[in-house]
Amino acid sequence: MTTLGAVFRPQLPPERLRDLARAADDAGLEELWLWEDCFLEGGISAAAAALAWTDRLRVGVGLLPVPLRNVAVTAMEAATLHRLFPGRPVLGVGHGVQDWMGQVGARAESPMTLLREYLTALRALLAGERVSTEGRYVKLDAVALDWPPPAPVPILAGATGPRSLKLSGEAADGTILTANTSPEGVREARRLIDEGRASASRTGADTPHTVVVYLLTATGPDAAARLQAEQRAEGVASVPDLGVAGDAADVAKAVRRLTDAGADTVILQPTADEPDPEGFVRFTAEEVRPLVP
């Protein structure tokens, strides 16, 4: 069964999160996703608040930029969330937007090396292991969590290019794809992820790999204009099969195209100027969800 969710975009002020998260929970939305885009809102603090304000909603962070966070701190934060709210946090990491990393003096010369070292160490720490490593970027000396998660937790990686997609297959438990990914792009991403999984002998049923993709979505009387304006601003207006504008049936059809291409989870991403964010999460849960198998 396809998992369906929606994004709380950080263009909204943090104080809007409480009402939106509660609206999502009340409507039966499966997942609400947050972003740690520089320099808007903190991913872990926002996720903790959203989880505390709700009862059953899963809350994803897609994603935490690894150059900004020591891996031990991320492991501590992730473990705390998973112990406080078992089964409800979903965390993704990635190398971040390089211009932003440069602004804060954290840009890595080799983002791929950093992400590989980080994923390896993070997954080991969250598995309760004592970790010593002397990598190019990640250096730990007999570090172990006193309070690791009581059960295995998946760690997802944000990926776009071929090398990062293969790396995600090798070293992560799932992959997050941006809203600039068409159904054909999802299909190609799944192929590259599976190559990475095969190279690391992680193709068994005991090592599933979830593919999450955002879908830029607009609904309402001015939906097409808002969708086109955002895609023009992103420079992807000419790319076919990106985004959807329309009613619940139109959106469900676009979701099915992505899942048919290999996505497991589709997260509806409203435009930055969405006039009714709470209404958008209710639309996702109450109107689109019944049309998505």
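Rule-based calculations on the coordinates, nothing more; no lab input. Because the structure is predicted, anything quoted here is derived from the model rather than measured. Don't worry about glycine lacking a Cβ; one is built from the backbone with ideal geometry, like all the others, and counts go over all protein chains shown.
Taking label points 7 Å from Cα along the Cα-to-Cβ direction, Arg18 and Ala144 give a separation of 4.1 nm. For the chain, what is the relative contact order in percent, using Cα pairs closer than 8 Å and at least 6 residues apart in sequence? It rounds to 20 percent for the chain.
Secondary structure note: in region 3-291, about 10% of the DSSP beta bridges are antiparallel. Could you state the angle between the C-alpha long axis of helix 43-53 and the longest principal axis of the C-alpha atoms of the chain, as a value from 0 to 90 degrees rounded to the nearest 10? So the helix axis and the longest Cα principal axis differ by about 60 degrees. With R₀ fixed at 35 Å, the C-beta to C-beta distance from Ala106 to Thr80 puts the FRET efficiency at about 0.90. Estimated at 0.36 nm per residue, the fully extended path between Arg163 and Asp37 surpasses their Cα-Cα distance by 43.1 nm.
In terms of its C-alpha gyration tensor, region 89-191 has an oblate overall shape, because the principal axis ratio a/c (a ≥ b ≥ c, square roots of the eigenvalues) is not below 1.5 and a/b does not outweigh b/c. For Thr203 and Arg130, FRET efficiency with R0 = 41 Å and r from the beta-carbon atoms, rounded to 0.05? FRET efficiency, Arg130 to Thr203: 0.90.
Highest mobility in the GNM of the chain, judged by mean-square fluctuation with C-alpha springs under 10 Å and restricted to Glu230, Glu274, Glu36, is found for Glu230.
A DSSP coil position with no more than 16 other Cβ atoms inside 10 Å describes the following trypsin sites (Lys or Arg not before Pro) in region 8-73: Arg56.
Against the chain, whose longest principal axis comes from its Cα atoms, helix 17-27 is set at around 70 degrees. Taking label positions 7 Å along the Cα-Cβ direction at both Asp276 and Asn70, the computed distance is 4.8 nm, reported to one decimal.
Between Ala224 and Gln11, what is the FRET efficiency for a Förster distance of 25 Å, r being their Cβ-Cβ separation, to the nearest 0.05? So the FRET efficiency works out to roughly 0.75. Helix 71-84 axis versus longest C-alpha principal axis of the chain: approximately 60°, rounded to the nearest ten. Labels on offer are (i) 40, 36, 17; (ii) 30, 21, 19; (iii) 33, 22, 18, and the one holding semi-axes √(5λ) of the Cα gyration tensor in Å computed from this structure is (ii).
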